[in-house]
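Student: Let me begin by handing over the structure; questions about it come next.
We did not get these values from a lab; they are worked out from the coordinates using the rules stated. Being a predicted model, the structure only gives us computed values, none of them experimental. All Cβ positions, even for glycine, are placed from backbone atoms using ideal geometry, and neighbour counts span all protein chains on display.
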Amino acid sequence: MPDYETHQYDVLIIGAGGAGLRAAIEAASAGVSVGLVCKSLLGKAHTVMAEGGIAATLANADDRDNWKVHFADTMRGGQYVNNWRMAELHAREAPDRVRELEAWGAVFDRTSDGRILQRNFGGHRYPRLAHVGDRTGLELIRTLQDHAIYLDISVHMECTVIALLKDGDRASGAFAYDRERGRFHLFHAKAIVLATGGVGRAYRITSNSWEGTGDGHALAYDAGADLMDMEFVQFHPTGMVWPPSVRGILVTEGVRGEGGVLRNNEGRRFMFDDIPELYRSQTADDEDEGFRYTQGDKDARRPPELLTRDHVARCIRREVKAGRGSPHGGVFLDISWIKSRIPNGEEHIRRKLPSMYHQFKQLADIDITREPMEVGPTTHYIMGGIRVDADTQMSTVTGLFAAGECAAGINGANRLGGNSLSDLLVFGRRAGEHAAEFARRNALPAIDRQQVDQAARAVLEPFDRSGAPEGPFQVQHALQDLMQDKVGIVRTAGDMEAAVVELARLRNRAEHVGVAGHREFNTGWHAAIDLRNLLTVSEAIARSALERRESRGGHFREDFPAKDPAYAGFNIVVRKDSAGGMKVERAPLPPMPGELSAIIEEMK
Ligand SMILES: Cc1cc2nc3c(=O)[nH]c(=O)nc-3n(C[C@H](O)[C@H](O)[C@H](O)COP(=O)(O)OP(=O)(O)OC[C@H]3O[C@@H](n4cnc5c(N)ncnc54)[C@H](O)[C@@H]3O)c2cc1C
């Protein structure tokens, strides 16, 4: 291909977060050539923001923990529509992946006898999250990156993939542009791994970094892959609500894991008011028992603040709606109160939650060792994504693999905190291994020049309309408002039907936006390209959410507020039909093997 800079690899990995880096390490270790493309700088992927920890049953903080309990917790959290095989593999393999990370140089917080310390998190029965203060993602990325440096991996930073290429039914490459100069790059590969992260930027209030525009989801969908569970979006209960410029920034669940409590404007711990039946036997009877749990008392049960995120987020919304919220539309999260129970409380809080301390001090002028924080729900994570085979991570397109947040399955209707970082390691490794294996067994596919030229033409179109009345940012903001208001934390058929209609209008507006200037680091142009992906994932979320006429996990329907057993037996899948429309289907869940259902029964 003379026009475009061309690169050829056995395995091409798109995304350099935890999943992409772990996949790259595994593929390179298998001896195949590996290219790694990412749209930010290496080391700056969204994973770097992860705070609370990595879930794995090392059983260092509580020796009753084991993979079976983790499996049962993950399935319960996901309301039993998870891919049970993925949940099993994840629970079984996570401890080895964490130990491996330690062997590669990760410096975790320690128990007094020198083992990896583990903390409590919502929905996990025992303290299970290996952590580095509240900066675990930074340590994870640093360690993987240090390790990857010694392997023969070619890295293409600040390079955004805009289309996947196909040879018949098989993935054959990717077309990209570098953000700095705007030049096109053609990647030709035997196998491709998508590890592009989440979609949070489809919403106005989000904890996600600018990268979370659902690129991998949309690229896979356009290439003919199935997307699954897209209705399941996680609204984390505790994002910052004030000042407006920082609205949505995450307040880690680690605050509640360390003893932080939620109160309304009457000073009441409202989380005790509504405890779901599924968790009643595991939840503390009173405040004292809840606090003892956070301090490691094995006889105590978790405080209701550590119930699953979907439930806590809805309780906060209820308080705000009932007029019992904080001045800026949230509720109060208080960790300072533990000073009355712990010697050197202020120092303890600063040591356990250093980022939270600085975040609130610098951004909101709040000292969390002395005053409560104001918090409210923020769009945080998508459980849905590219449908993959549990063992190999291959999507429904031959030679196209996916891992991490852009893949679906392990989390079902709701993800437990800490299960993402372990997911990245377990399934990143599997994707890298199987992509390498696929590359070894298959010859290089062909590149179709027409597909390349068409992709190039399509992304340059906004420059032809440089005088257009509207730019991409206006449409992007309208999209974010629409998703926030009509397909957000509480949904109804009427709102979502209106959203689908409006999304079609927004797509039309997006096709007419103009971009001025040239291709060198042109953020308007980048936004116009990202917009196409945001529209695709938003439509997939809205259509899937309409199809699930019940409430389950992260998906809450005001018109169908109860869980309906009739919906327990399938996942919702979307794919592109032959006319280019979005087709919605119900995919029955495969029956669970007896030994796994026995574990779930035993742990109920
Ligand atoms: C503030 C915060 C705290 C969190 N804390 C925790 C926690 O404590 N524990 C936990 O388990 N989970 C946590 N999560 C969730 C977790 O961090 C994410 O789910 C996870 O990091 C996603 O990793 P990933 O590898 O799938 O993708 P990411 O880390 O999002 O990386 C995506 C990569 O893909 C690249 N990319 C995207 N699109 C393109 C494209 N078109 N072309 C080329 N490259 C592209 C990006 O540049 C990036 O390199 C947290 C999330 C947030 C927002």
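Student: For segment 469-533, take N as its residue count and report Rg(C-alpha) divided by 2.2 N^0.38 Å.
Tutor: 1.25
Student: Assigning unit charges at the beta carbon (Lys, Arg +1; Asp, Glu -1) and nothing else, what dipole magnitude in debye, to the nearest 20, does the chain show about its Cα centre?
Tutor: That gives the chain a dipole magnitude of about 300 debye.
Student: Is there a quick way to get the dipole size of segment 58-107? I mean about its Cα centre, with the Cβ of Lys and Arg at +1 and of Asp and Glu at -1; what is the value in debye to the nearest 20?
Tutor: I would put it at about 220 debye.
Student: Over 32 Å between Cα atoms, which of 190/563; 486/583; 44/339; 352/563; 563/583; 68/576 qualify?
Tutor: From the list (190/563; 486/583; 44/339; 352/563; 563/583; 68/576), the Cα-Cα distance tops 32 Å for 190/563; 44/339; 352/563; 68/576.
Student: Follow-up question, since we're still on this one. Between 21, 246, 94, whose Cα lies farthest towards the positive end of the dipole of the chain when Lys and Arg beta carbons carry +1 and Asp and Glu beta carbons carry -1, centred on the Cα centre?
Tutor: Selected residue: 246.
Student: Let me ask you something else. Whole number please: convex hull volume per residue, Cα atoms of segment 423-466, in Å³.
Tutor: Looking at segment 423-466, the number lands at 97 Å³ per residue.
Student: Another question about this same structure. Output the Kirkwood hydrodynamic radius of segment 290-393, Cα pairs only, in Å rounded to one decimal.
Tutor: Computed over segment 290-393, the radius equals 16.3 Å.
Student: If you average 1/r across every pair of different Cα atoms in segment 1-132 and take the reciprocal, what Kirkwood value do you get, in Å?
Tutor: 16.9
Student: Residue 321: which aspartates and glutamates have alpha carbons under 18 Å from its alpha carbon, excluding same-chain residues fewer than 8 sequence positions away?
Tutor: Hits, sequence-local ones excluded: 266, 273, 274, 310, 374, 485, 558, 559.
Student: HN-Hα J couplings of segment 167-178 from phi, Karplus 6.51/-1.76/1.60, θ = phi - 60°, integer Hz, Gly and Pro as x?
Tutor: 10, x, 8, 9, 5, 10, x, 9, 10, 9, 10, 8
Student: Provide the convex hull volume over Cα atoms per residue for the chain, in Å³.
Tutor: Value for the chain: 145 Å³ per residue.
Student: Another question about this same structure. Between residue 112 and residue 285, what length comes free when the chain is fully extended (0.36 nm per residue of separation minus the Cα-Cα distance, one decimal in nm)?
Tutor: 59.3 nm
Student: Could you calculate the FRET efficiency of residue 278 with residue 443 from 1/(1 + (r/R0)^6), where r is the beta carbon distance between them and R0 is 45 Å, rounded to 0.05?
Tutor: So, using R0 = 45 Å, E works out to roughly 0.35.
Student: Here's a follow-up. Translational diffusion coefficient of segment 69-187 at 25 °C, 0.890 mPa s, Stokes-Einstein with Kirkwood Rh over Cα pairs, in µm²/s as a whole number.
Tutor: The Stokes-Einstein estimate is 137 µm²/s.
Student: Moving on to the next point. Residue by residue through segment 534-547, which ³J(HN,Hα) values in whole Hz follow from phi under the Karplus form 6.51 cos²θ - 1.76 cosθ + 1.60 (θ = phi - 60°), with glycine and proline marked x?
Tutor: 4, 5, 5, 5, 5, 5, 5, 5, 5, 5, 5, 5, 5, 5
Student: Using the Kirkwood radius built from alpha carbon pairs, what does the Stokes-Einstein equation give as D for segment 492-604 at 20 °C and 1.002 mPa s, in µm² per second?
Tutor: 124
Student: I would also like to ask the following. Can you compute the charge dipole magnitude of segment 20-157 about its Cα centre, using +1 on each Lys and Arg Cβ and -1 on each Asp and Glu Cβ, nothing else charged? Give it in debye, rounded to the nearest 20.
Tutor: Here segment 20-157 has a charge dipole of around 320 debye.
Student: Then there is this: How big is the equivalent ellipsoid of segment 343-485 along its three axes, where each semi-axis is √(5λ) from the Cα gyration tensor, reported in whole Å from largest to smallest?
Tutor: Result for segment 343-485: semi-axes of 40, 29, 14 Å.
Student: With each pseudo-label sitting 7 Å past Cα toward Cβ, what's the residue 266-residue 508 distance in nm, one decimal?
Tutor: Simple spin-label model gives 4.9 nm for this pair.
Student: Tell me the angle of helix 18-29 to the major Cα principal axis of the chain, expressed in degrees between 0 and 90 and rounded to the nearest ten.
Tutor: Roughly 60 degrees, rounded to the nearest 10.
Student: In addition: Can you show me the helix-derived [θ] at 222 nm for the chain, built from DSSP H runs with n ≥ 4 at -39,500 (n - 2.57) apiece and divided by the number of residues, rounded to the nearest 500.
Tutor: Calculated at 222 nm, the ellipticity per residue is -11500 deg cm²/dmol.
Student: If you take every DSSP beta bridge fully contained in the chain, what fraction is antiparallel? Give it as a percent rounded to 5.
Tutor: Here the antiparallel bridges make up roughly 65 percent for the chain.
Student: Rounded to the nearest 10 degrees, what's the angle between the helix 493-510 long axis and the longest principal axis of the chain, both from Cα atoms, 0 to 90?
Tutor: 40
Student: Suppose the chain between residue 485 and residue 295 were pulled fully straight at 0.36 nm per residue; how much longer would it get relative to their current alpha carbon spacing?
Tutor: 64.5 nm
Student: Work out from phi, with θ = phi - 60° and the Karplus expression 6.51 cos²θ - 1.76 cosθ + 1.60, the ³J(HN,Hα) of each residue of segment 182-189, listed in order in whole Hz, and give x for Gly and Pro.
Tutor: Running phi through 6.51 cos²θ - 1.76 cosθ + 1.60 with θ = phi - 60° gives x, 7, 7, 10, 10, 10, 10, 8 Hz.
Student: Based only on the alpha carbon positions, what is the Kirkwood hydrodynamic radius of segment 204-325, in angstrom?
Tutor: 16.6
Student: A further question on this structure: With everything on Cα atoms, drop me the angle between helix 472-486 and the longest principal axis of the chain, reported from 0 to 90° to the nearest 10.
Tutor: Approximately 40 degrees, to the nearest 10.
Student: Compare the peptides 155-164, 506-515, 211-220 by average per-residue count of other Cβ atoms within 10 angstrom and give them in order, highest first.
Tutor: With the highest mean Cβ count within 10 Å placed first, the list reads 211-220, 155-164, 506-515.
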